[in-house]
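Undergrad: Sharing a structure here in structure tokens format.
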Amino acid sequence: MTEFLCCDTNIWIDLANVGALVLPFKLDCKFLMYELTFCEELLRPTWICEKLEELGIELVSIEISEYELAGDYGVKYKPLSSHDCVALAIAKLRRVPLLTGDGNLIKAASKECVRVIGTIGLIDWVFGEKIISTADYVEYLKRLLSHPSTRLPISELEARISKYS
């Protein structure tokens, strides 16, 4: 059965930075992203939007109830951007996991009882489904660890690398 996930932008940027953008699309999943977030936030690398569309990302409009809830979240969770609030509202009202690595968005999702999957969790999932080999799994983790813009928990990356090396 196909699983639906609502996406924030930072996961795609993390995966693009380490050459792993295609991996999630090998899962039996549909990745939903608010169309304005896609157009306004995914600016670098410049090729990422075209590639995500080619891979099958599903751009969605928001319903009035999602728009209203996003507004409520903007008041309730001051550190979130308007795009973060929309992603959280979509995930909450459509009852789908939220794909994000944004710390403030993760905290808000937890308070709203929305399941979150981060970059490392997504790579773990791909590995768990045997879509990539152990050697490839470790290589992607090493790339994430060594990338200059990584904001991921270093201890989690190192523990997995150590366990599977």
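The values are calculated or read from the model by the stated rules, or taken from the named source; none is laboratory data. All values reported here derive from a predicted model rather than from experimental measurement. Positions of Cβ are backbone-derived with ideal geometry, glycine not excepted, and every protein chain shown enters the neighbour counts.
Undergrad: Go through W47, W12 for me and flag whichever is over 16 Å from the mean Cα position of the chain (by Cα) and closer than 23 Å to V126 by Cβ.
TA: From the options W47, W12, the qualifying one is W47.
Undergrad: For the range 136-148, indicate whether the set of residues that are among the hydrophobic types (A, V, I, L, M, F, W, C), in contact with a strand residue (DSSP E or B) (Cβ under 8 Å, 6 or more places away or on another chain) and not assigned by TED's automatic domain parsing to the domain that holds F31 is non-empty.
TA: no
Undergrad: Could you check the range 1-30 and list, in sequence order, the residues that are of a type in the set (F, W, Y) and at pLDDT below 95?
TA: F4, W12
Undergrad: If I ask for residues that are part of a loop (DSSP other than H, G, I, E, B) and within 18 Å of F4 (Cα to Cα), which ones from the range 113-140 would you list?
TA: C113, V114, R115, G118, E129 - these are the residues of the range 113-140 that are part of a loop (DSSP other than H, G, I, E, B) and within 18 Å of F4 (Cα to Cα).
Undergrad: Restricting to the range 78-110, count the residues that are small (G, A, S), surrounded by 15 or more Cβ atoms within 10 Å (Cβ to Cβ) and closer than 18 Å to P153 by Cβ.
TA: Within the range 78-110, residues that are small (G, A, S), surrounded by 15 or more Cβ atoms within 10 Å (Cβ to Cβ) and closer than 18 Å to P153 by Cβ number 2.
Undergrad: Identify all residues within the range 1-19 that are out of contact with any Asp or Glu (no Cβ under 8 Å at 6 or more places or on another chain) and crowded, with 17+ Cβ neighbours inside 10 Å; write none if there are none.
TA: L5, C6, C7, I11, W12, I13, D14, L15, A16, N17, V18 - these are the residues of the range 1-19 that are out of contact with any Asp or Glu (no Cβ under 8 Å at 6 or more places or on another chain) and crowded, with 17+ Cβ neighbours inside 10 Å.
Undergrad: Tell me whether the range 63-78 contains one or more residues that are in a loop (DSSP other than H, G, I, E, B), outside the structural domain of S149 (by TED's automatic domain parsing) and of a type in the set (A, V, I, L, M).
TA: No; the residues of the range 63-78 include none that is in a loop (DSSP other than H, G, I, E, B), outside the structural domain of S149 (by TED's automatic domain parsing) and of a type in the set (A, V, I, L, M).
Undergrad: Enumerate the strands (runs of 3 or more DSSP E) found wholly within the range 1-61, keeping only those where 1 or more residues are farther than 26 Å from S146 by Cα and without any contact (Cβ under 8 Å) to a residue 60 or more places away in the chain.
TA: Output list reads 29-34, 58-60.
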